[in-house]
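Here's the structure, in structure tokens; my notes come after.
The values are calculated or read from the model by the stated rules, or taken from the named source; none is laboratory data. Predicted, not measured: the structure shown is a model, and the values here were computed from it. Neighbour counts are summed over all protein chains in view; Cβ atoms, including those assigned to glycine, are modelled from backbone coordinates with ideal geometry. For accessibility, only protein heavy atoms count, side chains too; no ligands or nucleic acids. Shrake-Rupley method; radii C 1.70, N 1.55, O 1.52, S 1.80 Å.
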Amino acid sequence: MDKALTDPSIIHQIDANSVQEIINNRNNEDKVDLSQLESNCFLENFYWNFIKTRDTNTWDEIVLFTLLVNRKFTRGFTYSFFDDLLEDQQSKEKFSKLFDFLLSTYQDCENITDCTTVVIFLTHCYESLYNNVVRDNCLKAVSLPLYFALSPNRLKMELSRDKRLAKSWTRLQSKAQDESIKPAKTFLPTLIKQFLGTISNQTDDDPLTNEYTVRVMEFLATLLSQSATRKFLRVLLDDQHLLTHLDDFSNEPYKALIQQLMSYQVDERTGHSSDIMDLHSIKLHSLQRVAFQHFTQPLEQLSMANMKSLSTRSNLETWFNKLELYQLTDLCKKLDLLHDDTTHSSKPFLIKLLVATYAKPDQHAPDSTLPTQTHLWNNVPTTYDGKSYPLWKNTLQYVCMQDYLTRVYQHDRMEQLSQLRRRIENVIISLNPRVNPATNVTKFTNTHVDAMPCNDFKMLHMSDLRMGELVPSSVQAQYTVEGIWESCQVALVTVNTSLRVNQQPDLKLPFCERYGVETIRIARVVRTQDESGTLTTLKNDMMDFEISDTNRKLILELDPHQFILDGSEIYESVNLCIKIPNEWILPPSANLFSAPSWLRDVYLGFGQEMGEPDDSQQDVEMTIPSDANANLNQHLTSSQLQIISECCGKNGLHVIKGLPGTGKSTLVCEIAHLLLDRVLIIVPDDDDCLESILKIFDHSHDDDVVCLPISEEDRQSDLISNYTAHGRLQFKLQDRLDLLQKVNQLANEMKASQYVGVGCEGAQYFYTSFIKNRSNGQPEILQLFEKLSKYRPYEMIRTDKDRQTLVLQQSRIVIATCSRARRLTTLEMNQFGTIIVDNADGVGQRDTLFPDKVNRVILIGDEKSHSLFTNSTLSHFCHADHTLFHRACQLQLSRNVHELTDSTIEENANQHFPGFKYHSQCVHVESYLGTENLKVGQDAINIGEAEYLVAVYMYMRLTGYRSDQICILSPNASQCELIRQIINRRCVGVTFEMDASPRVKCLYQATSFEYGLVSLVDSYHQLGHVNKVLTRRCKGLFVFCNVNRYVNLPQLNKLWRSVFSNGDTLLQLSDGPISDVKEMGNKVHGMLVGNN
């Protein structure tokens, strides 16, 4: 390829001949590397301008445009791409013309590869309806003109149901020959007809055809999953009998997804579900009437059958098989299932059509909700590579509450399964299984803290079936192990590898084939006992007494559904137990509770945008105490004070938007203090988020605050430990002892020795007998005994566990991470009148499902920030990181949307930064030791950036900056680990080596920090997180990268120039510039020598 096509410095010099070369070879990867073009922003920097300046464009030029856009979405630019591309009026007008041209000329395309490219592009467009230009153009193609393709009888039936629709149709008929509605009339009917013809003649040998059919299925699923696009399309697909044609389609997951979306019977305008049984009964009655009137002899039994037998698939097939082909055709036409001019020579097709229309869905045996090896490796894609997956996608609006809860559940389950998959893979790789050639038995050559070999399976108990049960309620079994586990879940794995001792696994094979993983089943540990049956725990196992045997019996509760499906053979072959955190396995009914009625339209995305009033969001009496103004933080801005007043004065949904560093966490604390009801504050699963909000509460010395961290077993910071239920209990008990000491001193002074050394109850008697009538209203003494009366219940409760439960119940403000909030029961959640979600841009949809009794919800976050899920496929392909907060901002789902500004904080540019000339700077890093980026697995690392960053960190520490002020960020875990290793190596023997280590995190984990040191490496696929870091309000920000890679990117251009306005790419210290990493290292070395 010509150098002009790959060199970003001369990308603007490409001529028309080079463009034509790209267009002609767009599908030939050997001649045109589209990935390289996309990386150099060929679309934004050149091709889009080339398209705009031409009066007319050819089909090949437009297809290349769609191909480049698809590449952008493959790299994860799902939210800001169209906003950046369609900024000016010329771009908006050109996109409209391009879209209409694409729809009108699609039917003339005979190249199936180009058809697939266009379908993928349209899928991305219909997933980007938040952009006004894209939405206006896309909705035209799924509007009322689709009814021109309906059969006359079906059209008459649909118009009779809605008088307003009939009036609109009458007006539309006068424009039937208008060219402006031609794309809407012809595109989707042509696409559906072409698709149905393709799947009827499809063979598994043609990969291009298979890719086309899968992409069309994805496109149709995208349209059916959004209320704004499914209303007219669903009627057309039903009239074209799509589900009947899909019976022979080989892709079962996609077929099941389409069937589920087609089955929702709802009013698309409001999302209200229709009564499915009533609709089904009406259809059966119409079938019986037609059979009785016109087919009395062959369908006599059908016309007289009851509803139960009439809904049975086998009965319907038997009755319809009695009819001849011409009778079946006549029956279908009378039932409005076929056009009057339609003839079908296939009797099986007509029978399938009738049965699919009138039979109830098959009742399958209950399946297990716990994952197996099929769920983990066949249904959980881990990396987004641009392929299509039969997965549920998040959209701006949802069809109904069942649809919303289904997608939330599926995405959360997929995220947890991806974590479980990585855990099992890492453990098995660490154990290094190898086969013994002599015995042909798999042995594990290494050990792992979260895994134990197991054997000797034995069934212990299976409960009897009760009336109406298909599976037993409980199945218990035991294995022989050598360790002790308590109250956890385990993965029972069968590993039967063929790898010998010195043989390396073939990395090209799938993981299960590579290491011989045959089965995986999930179970729960009930207890561990020794050979004699004595209960063994971790506590008594460490005591000094003899253990009868080193082997233990691990008693497990198996999944009854899976056990009935499997039998005992699979469990007898299990040879490995892997420990799993309890929160990784989602309970089957965790999300299936009823949402607040006033939040229902908000969840579905109808809300205020549909113009429907929300009666529950009426103004209520102010709940702010009368002396609230005196208690407010005096440093609050006018914007914050106004938002606090509105949030505390109104029930309903409040959405607060603000950039990082504008005081959102301070706002959360002030609102929680002022409200009189119990408040639950939900934060993302990040200790930094939890600590940042606890620091504010800690300054106010509020004793009514309790936090629920990610896990009580993990090591927490002192601040988090002090605010857990255990920490609050210890504080209260110590405070009680201090107060009783004061009571003892007071009793000695008043010569009431009989009350010395008593508890809270005795102190109350002492107050009644000696103090009540003599205190003269002294507030200190009254407050002392009042606090002691509150501690009285803790003396009556004996166990620490029950005392901690009481602490949690009595706390007015509870701060919980997402994973801990999920474990709260519905009864516990209903005790909170207000729920505040801090950093709501990083909280998934499942964690914003609230209980019935909540009357105020406050979402606070950054609208421009999107958090990545651990599973990148869910983030990019399914848009699972598109949260309720973002939808509320984009659709204006609440009347109470507040913009948080910060006008009182002085600009960083006017502040003094010891040791540096600028408060923010982008530092150019050349290749280090002849290399730039190296590959470690799937991650890229840059040694030069890491060395430079660590040298600046050491310089800052020697200049006087504290380690807790500095946060080090990088795009991936491998670069983070490299930076940690360099810090540990460089800081040996340094005066500050014993201080707390700096925070080293990935970009998507960035929270609040004072000074940021960022290593970008190759962050092209994480530009959203780079934007988030650049917009964060902080005292100092230094970014280390190859400036040439980022300075011209359209996604960063404006922000980059505004943050790094000085334009200097050499690190500017207070005593002069630094040219490269070696000079910075020499400077730090000189400072260290001077200090010594």
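Out of region 166-194, which residues are hydrophobic (A, V, I, L, M, F, W, C) and within 12 Å of residue 107 (Cα to Cα)? Outline the logic, then answer.
The initial filter retains those residues of region 166-194 that are hydrophobic (A, V, I, L, M, F, W, C), namely 166, 169, 172, 176, 181, 184, 187-188, 191-192.
Hits for region 166-194 are 187, 188, 191, 192.
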Subset of region 236-259, residues open to solvent by 10 Å² or more (accessible area, probe 1.4 Å), over 23 Å from residue 878 (Cβ atoms) and of a type in the set (A, V, I, L, M, F, W, C), comes to 243
Looking at residue 609, is it more than 21 Å from residue 829 (Cα to Cα), charged (D, E, K, R) and modelled with pLDDT under 80? yes
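Does region 179-192 contain any residue that is among the small types (Gly, Ala, Ser), open to solvent by 60 Å² or more (accessible area, probe 1.4 Å) and under 19 Å from residue 103 (Cα atoms)? Steps first, answer last, please.
Quick first cut of region 179-192, residues among the small types (Gly, Ala, Ser) only: 180, 184.
Subset that is open to solvent by 60 Å² or more (accessible area, probe 1.4 Å): 180.
Okay, now just the ones that are also under 19 Å from residue 103 (Cα atoms), so 180.
Yes, region 179-192 contains a residue that is among the small types (Gly, Ala, Ser), open to solvent by 60 Å² or more (accessible area, probe 1.4 Å) and under 19 Å from residue 103 (Cα atoms).
Can you name the residue in region 916-931 that is in a loop (DSSP other than H, G, I, E, B) and either over 38 Å from the mean Cα position of the chain (by Cα) or polar (S, T, N, Q) (or both) and is also modelled with the highest pLDDT among such residues?
The first filter runs over region 916-931 and keeps only residues in a loop (DSSP other than H, G, I, E, B), leaving 917-919, 925-927, 929-930.
Subsequent filtering for residues that are either over 38 Å from the mean Cα position of the chain (by Cα) or polar (S, T, N, Q) (or both) retains 917, 927, 929-930.
Working: 917: 85, 927: 79, 929: 71, 930: 67.
Selected residue: 917.
I want to confirm something. Restricting to region 503-520 and keeping residues that are in a loop (DSSP other than H, G, I, E, B) and polar (S, T, N, Q), which single residue is surrounded by the most Cβ atoms within 10 Å (Cβ to Cβ)?
Just the residues of region 503-520 that are in a loop (DSSP other than H, G, I, E, B), to begin with: 503-510, 516.
Among the residues that remain, those that are also polar (S, T, N, Q) are: 503-504.
Values: 503: 11, 504: 6.
Restricting to residues being in a loop (DSSP other than H, G, I, E, B) and polar (S, T, N, Q), the top hit is 503.
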Residue, farthest from residue 321 (Cα to Cα), within region 289-302, restricted to residues that are part of a helix (DSSP H, G or I) and open to solvent by less than 30 Å² (accessible area, probe 1.4 Å): 290
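Could you list all residues from region 443-502 that are part of a loop (DSSP other than H, G, I, E, B) and hydroxyl-bearing (Ser, Thr, Tyr)? Lay out the reasoning, then the answer.
Filtering region 443-502 for residues part of a loop (DSSP other than H, G, I, E, B) gives 445-450, 454, 463-474, 482-488, 496-502.
Answer for region 443-502, where residues must be part of a loop (DSSP other than H, G, I, E, B) and hydroxyl-bearing (Ser, Thr, Tyr): 445, 447, 463, 473, 474, 487, 497, 498.
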Take residue 134 and decide whether it is buried (at least 20 other Cβ atoms within 10 Å of the Cβ), under 33 Å from the mean Cα position of the chain (by Cα) and not in a helix (DSSP H, G or I). no
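Tell me yes or no: at least one residue of region 964-972 is among the hydroxyl-bearing types (Ser, Thr, Tyr), under 24 Å from residue 1071 (Cβ atoms) and within 36 Å of the chain's Cα centre (by Cα). Outline the logic, then answer.
Our first condition is that a residue be among the hydroxyl-bearing types (Ser, Thr, Tyr); within region 964-972, this holds for 970.
The next check asks that each one be under 24 Å from residue 1071 (Cβ atoms); those that pass are none.
No; the residues of region 964-972 include none that is among the hydroxyl-bearing types (Ser, Thr, Tyr), under 24 Å from residue 1071 (Cβ atoms) and within 36 Å of the chain's Cα centre (by Cα).
Here is a yes/no grid of residues against (1) without any contact (Cβ under 8 Å) to a residue 40 or more places away in the chain; (2) under 18 Å from residue 193 (Cα atoms):
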| residue | (1), (2) |
| --- | --- |
| 213 | yes, yes |
| 220 | yes, yes |
| 225 | no, no |
| 234 | yes, yes |
| 240 | no, yes |
| 247 | no, yes |
| 250 | no, no |
| 257 | no, no |
| 260 | no, no |
How many of the residues in region 876-897 are of a type in the set (A, V, I, L, M) and touching a Gly at 6+ places or on another chain (Cβ under 6 Å)? 2
Of all residues in region 222-276, which are at pLDDT below 85, of a type in the set (D, E, K, R) and in a helix (DSSP H, G or I)? 247, 248, 252
Please count how many residues of region 53-66 are touching a residue at least 40 places away in the same chain (Cβ under 8 Å), in contact with an Asp or Glu (Cβ under 9 Å, 6 or more places away or on another chain) and open to solvent by 10 Å² or more (accessible area, probe 1.4 Å). 1
Residue count, region 215-235, condition open to solvent by 20 Å² or more (accessible area, probe 1.4 Å) and not basic (Lys, Arg), comes to 2
Which condition does residue 350 not pass, out of (1) of a type in the set (A, V, I, L, M); (2) at pLDDT 85 or above; (3) assigned to a loop (DSSP other than H, G, I, E, B); (4) touching a Ser or Thr at 6+ places or on another chain (Cβ under 7 Å), if it passes all the others? (3)
Unmet requirement for residue 413, which otherwise passes all of (1) surrounded by fewer than 20 Cβ atoms within 10 Å (Cβ to Cβ); (2) of a type in the set (D, E, K, R); (3) farther than 16 Å from residue 494 by Cβ: (1)
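For every residue, the table says whether it meets (1) modelled with pLDDT of 85 or more; (2) buried (at least 19 other Cβ atoms within 10 Å of the Cβ).
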{"position": "740", "(1), (2)": "yes, yes"}
{"position": "757", "(1), (2)": "no, no"}
{"position": "760", "(1), (2)": "yes, yes"}
{"position": "774", "(1), (2)": "no, no"}
{"position": "777", "(1), (2)": "no, no"}
{"position": "780", "(1), (2)": "no, no"}
{"position": "800", "(1), (2)": "yes, no"}
{"position": "811", "(1), (2)": "yes, yes"}
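Tell me the residue from 422, 434 that is open to solvent by 10 Å² or more (accessible area, probe 1.4 Å) and at pLDDT below 90, please.
Matching residue, one of 422, 434: 422.
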